[in-house]
Amino acid sequence: MEPIINGKIDKTQYQHGDTCIMGEVIDLIYCASTNCIVFRTERGTTSWEYQDLEKEITDRAAVKFNELHEYFDTTQNENILVSLCNVFFSAMNAKTIEECDSLFVEIEKRIRNIKTPY
């Protein structure tokens, strides 16, 4: 899962079947705004493109996303993956690192509760 910084100027213009700048075909768009998109590729991986976002915040969001994505087998629970992608999208658009971190708190609890049997 590598971030893509350029590509289409308005990320909302991407559609199912389009090819992103890295050459991946977009299979499903989880969320998009003019400057950011999170999507599933035809290979089944999650990827994203962005531009004009705060690098420190996007890097932090990507680290948290990857940690949680690797911790939980999201192929077994598509709802968790969709929720995680939505949180990731919101975190990349956060105004501060603190806001970015706080967005992951609830989804992290959900994922860890599912992963850890009682």
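Selection within the stretch 48-78: residues that are under 17 Å from residue 113 (Cβ atoms) and not charged (D, E, K, R). The member of this set that is most open to solvent (accessible area, probe 1.4 Å) is 76. Based on this model, can you work out whether residue 26 counts as hydrophobic (A, V, I, L, M, F, W, C), surrounded by fewer than 15 Cβ atoms within 10 Å (Cβ to Cβ) and in contact with an Asp or Glu (Cβ under 9 Å, 6 or more places away or on another chain)? No: the conditions fail for residue 26.
Using the structure shown, decide if residue 103 is over 24 Å from residue 9 (Cα atoms), free of Cβ contacts under 8 Å to residues at least 60 places away in the same chain and open to solvent by less than 10 Å² (accessible area, probe 1.4 Å).
Values: over 24 Å from residue 9 (Cα atoms): yes; free of Cβ contacts under 8 Å to residues at least 60 places away in the same chain: yes; open to solvent by less than 10 Å² (accessible area, probe 1.4 Å): no.
Taking the combined requirement at face value, the residue does not satisfy it.
Within the stretch 107-118, is even one residue at pLDDT 95 or above and aliphatic (A, V, I, L, M)? Within the stretch 107-118, not a single residue is at pLDDT 95 or above and aliphatic (A, V, I, L, M).
Restricting attention to the stretch 64-108, the residues that are within 18 Å of residue 31 (Cβ to Cβ) and hydroxyl-bearing (Ser, Thr, Tyr) add up to 3.
Within the stretch 30-47, take every residue that is among the small types (Gly, Ala, Ser) and more than 11 Å from residue 81 (Cβ to Cβ) and give me the one that is surrounded by the fewest Cβ atoms within 10 Å (Cβ to Cβ). If you could, list the steps in order and put the result at the bottom.
Quick first cut of the stretch 30-47, residues among the small types (Gly, Ala, Ser) only: 32-33, 44, 47.
Within this subset, residues satisfying the condition of being more than 11 Å from residue 81 (Cβ to Cβ) are 32-33, 47.
On the way: 32: 21, 33: 15, 47: 18.
Applying the filter and picking the extreme gives 33.
When residue 27 is tested against the conditions (1) of a type outside the set (Ser, Thr, Tyr); (2) more than 28 Å from residue 113 (Cα to Cα); (3) at pLDDT below 95; (4) not in a loop (DSSP other than H, G, I, E, B), the lone failure is (3). For the stretch 11-23, the candidate set comprises residues that are outside any loop (DSSP other than H, G, I, E, B) and open to solvent by 30 Å² or more (accessible area, probe 1.4 Å); within that set, the residue that is nearest to residue 86 (Cα to Cα) is 12.
The values are calculated or read from the model by the stated rules, or taken from the named source; none is laboratory data. Note that the coordinates shown come from a computational prediction; the quantities given were computed from them, not determined experimentally. Note that each Cβ is placed from the backbone with ideal geometry, even for glycine, and that neighbours are counted across all protein chains shown. SASA here: full protein model, heavy atoms, side chains in, ligands and nucleic acids out. Shrake-Rupley method; radii C 1.70, N 1.55, O 1.52, S 1.80 Å.
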